Amino acid sequence: MSKFITNHDVTAVLKEVIFFAKQNNIVDLNMIDNIEIVGTNIKVSVVFPKLDDPSVGIVYNSIVKALKEKFGQEINVEVLPIAEKDKGLGPLSGVKNIIAVIAGKGGVGKSTVASNLAIALSKSGHSVGILDADIMGPSVPIMFGVEGQQPGVIEREGKQLMVPLENHGVKILSLGFFVQPDQALMWRGSMINNAFNQLMKDSEWGNLDFLVIDMPPGTGDIQLTLAQSYNIRGTVLVTTPQKVATADVRRAAMMYRQDKLTIPLLGLVENMSYFTPDELPNKKYYIFGKGATDELAKELDIPVLGRIPIKEQIVESGDGGTPIVLDENSIVGKSFIEIAKNVQNEINKL
């Protein structure tokens, strides 16, 4: 054994240790976080994408074997595996806040809220992305006017990454980019999870202040994957005034308040709140009822972030690929800007 072992010596040996998942050595892959040498004790901290990967044990044993063969069997080698997410690394390392927009049932305007929220956050000076995870009904491409287009692809460290499309100042990815409009998706849970994880992890999101996720309705596989595998800053719950809608969103909300899935509930957005005829601007007709959303907000101890009226322009603008928040003079556009401000305020309280 050499009398003095240097970091340079150890690094040279570690270049012989291959991380087969990326087909390169752990030094060139920048997986070495730290090297500590005290006498005959060597401690190496190594960053892995996931700690439950079988390759962690293989690399661990390879490091110990390589260093002992080089410097002598009497040295003590300690290897400390670290997860990328704990070091602020990985494919989502540049994303500061992930916001999930959820609903207990379909048809409440969740995608409309998610799309307009993303653009409103962008208009307030933030870098924003939106991921359409509504596997069975991906509507974000239509709402952003990018239907029929395909994301780009780049290669990094031997791995292909999707490059999101961009429109209205927002980066966009959706499963809808890869599915024909008339194609029926008959996927089991594992296939849905794999598709969702690919959109999240195998994509070049870059640096974002906010990543808004348009979630599928209900409490299924993707909801569990999101809660268990990603650092979610908070959720925005979308409902309509009917009691049947608030009952469904209550169940969705309680899912995220289970002990193992605790994610902050930022607040409620009441869509289709009321109808105001153009000729009677001061009149509000509560077509779907009134009060159930406030009762739910009180029960969950969260705020109502905003109320969106029933307006034909909301549908027309969404179908036309120009969400209504782009019209700064519209009442609805101003409502979404206010909702974005309230979301930011709630995040700042966390």
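Only the coordinates and a few stated rules stand behind these numbers; no lab work does. Here the structure is a predicted model, which means the values were calculated and not measured. For neighbour counting, all protein chains shown are included, and Cβ atoms are generated from backbone atoms with ideal geometry for every residue, glycine included.
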Exercise for the section: Would you mind calculating the gained length between ASP327 and LYS159 on full extension (0.36 nm times residue separation, minus the Cα-Cα distance), in nm to one decimal? Expected result: 56.5 nm
Fill in the blank from the handout: Per the rule of 0.36 nm per residue minus the C-alpha distance, extending SER124 to GLN23 adds in nm 32.1 nm
Practice task
Give me the angle, in degrees from 0 to 90, between the Cα long axis of helix 331-349 and the longest principal axis of the Cα atoms of the chain, rounded to the nearest 10.
Solution key: 40 degrees
Completion exercise
Rounded to the nearest 10 degrees, the helix 243-255 long axis (Cα) sits at an angle to the longest Cα principal axis of the chain of 10 degrees
Handout entry: Size-normalised alpha-carbon gyration radius of the range 198-350, reference 2.2 N^0.38 Å
Key = 1.12
Fill in the blank from the handout: Most exposed to least, judged by fewest other Cβ atoms within 10 Å, TYR274, TYR285 sort to TYR285, TYR274
Problem - Computed over the chain: relative contact order in percent, which uses C-alpha pairs under 8 Å that are six or more apart - result: 17 percent
Practice task
For every helix of n ≥ 4 consecutive DSSP H residues, a contribution of -39,500 (n - 2.57) applies; sum these over the chain, divide by its total residues, and give [θ] at 222 nm rounded to the nearest 500 deg cm²/dmol.
Solution key: -10000 deg cm²/dmol
Practice task
Measure nothing fancy, just the Cα-based angle from helix 110-123's long axis to the longest principal axis of the chain, in degrees from 0 to 90, nearest 10.
Solution key: 70 degrees
Problem - Shape parameters for the range 289-338, alpha-carbon atoms, Rg then Dmax in Å - result: 13.4, 38
Completion exercise
With R₀ set to 56 angstrom, the calculated FRET efficiency between the beta-carbons of GLU316 and MET191, to the nearest 0.05, is 0.95
Practice task
Considering the options ALA133, LEU117, LEU67, tell which one lies farthest towards the positive end of the dipole of the chain, charges being +1 on Lys and Arg and -1 on Asp and Glu at the Cβ, about the Cα centre.
Solution key: LEU67
Exercise for the section: Could you please state, rounded to a whole Å, how far the C-alpha centre of the range 235-258 is from the C-alpha centre of the range 305-350? Expected result: 20 Å
Completion exercise
Computed ³J(HN,Hα) along the range 51-61: with the Karplus parameters 6.51/-1.76/1.60, θ = phi - 60°, integer Hz and x for glycine or proline, the list is 7, 8, 6, x, 5, 4, x, 5, 5, 3, 5
Exercise for the section: Mind ranking 28-39, 169-180 by how tightly packed they are, going by the mean number of other C-beta atoms within 10 angstrom, highest first? Expected result: 169-180, 28-39
Fill in the blank from the handout: Log10 I(q)/I(0) at q = 0.11, 0.16, 0.17, 0.21 Å⁻¹ for the range 1-115, from Debye over equal alpha-carbon scatterers, is -0.47, -0.75, -0.82, -1.12
Completion exercise
For the table LYS96/LYS201; LYS171/LYS334; LYS65/LYS159; LYS105/LYS243, the rows whose alpha-carbon distance is greater than 18 Å are LYS171/LYS334; LYS65/LYS159
Practice task
Could you point to the residue in ASN41, VAL95, PHE4 farthest towards the positive end of the chain's charge dipole, with +1 and -1 charges on the Cβ of Lys/Arg and Asp/Glu respectively?
Solution key: ASN41
Exercise for the section: Would you please state which residues of the range 293-308 a label at GLN258 would reach in this model, taking the label point 7 Å out along Cα→Cβ and a backbone N cut-off of under 20 Å? Expected result: 300
Exercise for the section: Grab the Cα-Cα distance for ALA12 and GLN198, subtract it from 0.36 nm times how many residues apart they are, and report the gain in nm with one decimal. Expected result: 63.5 nm
Exercise for the section: Counting other beta carbons within 10 Å of each Cβ, put LYS341, LYS123, LYS298 in order, fewest first. Expected result: LYS298, LYS341, LYS123
Problem - Residues listed by number, the range 1-33, amide nitrogen under 16 Å from LEU80 label point at 7 Å toward C-beta - result: 31-33
Practice task
Order the peptides 323-329, 109-115, 141-147 from the highest to the lowest mean number of other Cβ atoms within 10 Å of their residues.
Solution key: 109-115, 141-147, 323-329
